[in-house]
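Have a look at the structure below, then the notes.
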Amino acid sequence: MARAKKKAAKAKPAKSKTKVKKSKPVAKSPAKKSAKPIDLYYWATPNGFKITIFLEEAKVPYNLHPVNISKGEQFKPDFLKISPNNRMPAIVDPNGPGGKPISIFESGAILQYLGRKFGKFYPADERGRVEVDQWLFWQMGGVGPMAGQVHHFKNYAVETLTYAINRYVNEVNRLYGVMNKRLADRDFIAGKYSIADMALVGWVNGWEKQGQDINEFPHLKAWLARMKARPAVQRGMQLGLEWRQNVDMKDPKVHAVLFGQRALK
Ligand SMILES: N[C@@H](CCC(=O)N[C@@H](CS)C(=O)NCC(=O)O)C(=O)O
């Protein structure tokens, strides 16, 4: 973990009982642009990795606040104040616009904010920005939700629903095909390495669990290897994996928390 600190944020949403393990700082030159660290509310999942990858890549100091979603910590009132959709990731930037704190939920919105704020991995020119945005939104509306459904029906569901599994495996297969074509003549999804690649890598890394064979997609396979060779990507996708080790996704209690949700009152 580069600059992640376990110190609690001043605006203290959602305290977690999960122990944050200290790991060795790897990144060496933190950006000076943000005086106070960003508070990241996080669990080790592909959506969470998007933000740790950015912060590690840009060497932005951050405080890590685990949100143990298998125990329902995403429903704590303080967390809901910054993330009303009871999902992580979320951030609080103490140095938001006008020098005042700002909280942000939705990983795509967080990536765009960080990209704009730090002027990294998100082009400033309109043409370049549109290029990144379309692939970022494609991830947010396509790869994430569809691969998420495969994970659910294939790996977490308590009954086997063949129709649902096939529907989502096939859709992810189609999306992988789109990425593979796109990457045939460029190294990164929007040309230059960007927040769109960060949004995708945690999901594509789970190809096996999504019923896919990465060898059928040589350009995507090469991109995945290129991404995983980056030390910041490695750090970002490593952070907090140990917290999940003993979580049984088929445990009825975990199921009730994650998959039995109805409208919050
Ligand atoms: N569209 C949201 C999705 C976030 C999301 O689904 N997060 C999951 C973990 S990957 C979560 O917090 N789940 C808690 C819950 O289901 O209550 C984003 O990209 O930020």
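If you go through region 109-126 and keep only what is of a type in the set (Lys, Arg) and under 17 Å from residue 233 (Cβ atoms), you end up with just 120. Residue-level analysis places residue 225 outside the set of residues that are more than 21 Å from residue 107 (Cα to Cα), without any contact (Cβ under 8 Å) to a residue 12 or more places away in the chain and in a loop (DSSP other than H, G, I, E, B). When residue 183 is tested against the conditions (1) buried (at least 16 other Cβ atoms within 10 Å of the Cβ); (2) touching an Asp or Glu at 6+ places or on another chain (Cβ under 9 Å); (3) not assigned by TED's automatic domain parsing to the domain that holds residue 250, the lone failure is (2). Going through 257, 233 one at a time, which residue ends up being within 16 Å of the ligand (Cβ to nearest atom) and either exposed (fewer than 15 other Cβ atoms within 10 Å of the Cβ) or assigned to a helix (DSSP H, G or I) (or both)? Within the list 257, 233, the selection yields 257.
Name the residues in region 114-128 that are part of a helix (DSSP H, G or I) and crowded, with 18+ Cβ neighbours inside 10 Å, would you?
Applying the first criterion (part of a helix (DSSP H, G or I)) to region 114-128 yields 114-118, 126-128.
Once the filter is applied, which keeps residues that are part of a helix (DSSP H, G or I) and crowded, with 18+ Cβ neighbours inside 10 Å, region 114-128 yields 114, 115, 117, 118.
Taking first residues from region 251-265 that are within 18 Å of residue 85 (Cα to Cα) and touching a residue at least 60 places away in the same chain (Cβ under 8 Å) and partners that are among the β-branched types (Val, Ile, Thr) and surrounded by 11 or more Cβ atoms within 10 Å (Cβ to Cβ), the Cβ contacts under 7 Å between residues at least 6 apart in sequence or on separate chains come to 258/69.
Each residue in region 237-254 was checked for being among the basic types (Lys, Arg) and in a loop (DSSP other than H, G, I, E, B), and 1 of them qualify. Looking across region 47-106, the residues that are in a helix (DSSP H, G or I), in contact (Cβ under 8 Å) with a residue 60 or more places away in the chain, over 17 Å from residue 237 (Cα atoms) and more than 9 Å from the ligand (Cβ to nearest atom) come down to 78, 79, 80, 81, 82. The C-beta contact set for region 144-163 (first residue under 18 Å from residue 251 (Cα atoms) and in contact (Cβ under 8 Å) with a residue 12 or more places away in the chain, second residue assigned to a helix (DSSP H, G or I) and among the small types (Gly, Ala, Ser), distance under 6 angstrom, 6+ apart or interchain) comprises 153/164.
Here is a yes/no grid of residues against (1) touching a strand residue (DSSP E or B) at 6+ places or on another chain (Cβ under 9 Å); (2) over 16 Å from residue 224 (Cβ atoms); (3) modelled with pLDDT of 95 or more:
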| residue | (1), (2), (3) |
| --- | --- |
| 105 | yes, yes, yes |
| 114 | yes, yes, yes |
| 127 | no, yes, yes |
| 131 | yes, yes, yes |
| 177 | no, no, yes |
| 180 | no, no, yes |
| 204 | no, no, yes |
| 208 | no, no, yes |
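The values are calculated or read from the model by the stated rules, or taken from the named source; none is laboratory data. Just so it is clear, the model here is predicted, and its values are computed rather than measured. Because the Cβ atoms are built from the backbone with ideal geometry, glycine has one as well, and the counts that use them run over all protein chains shown.
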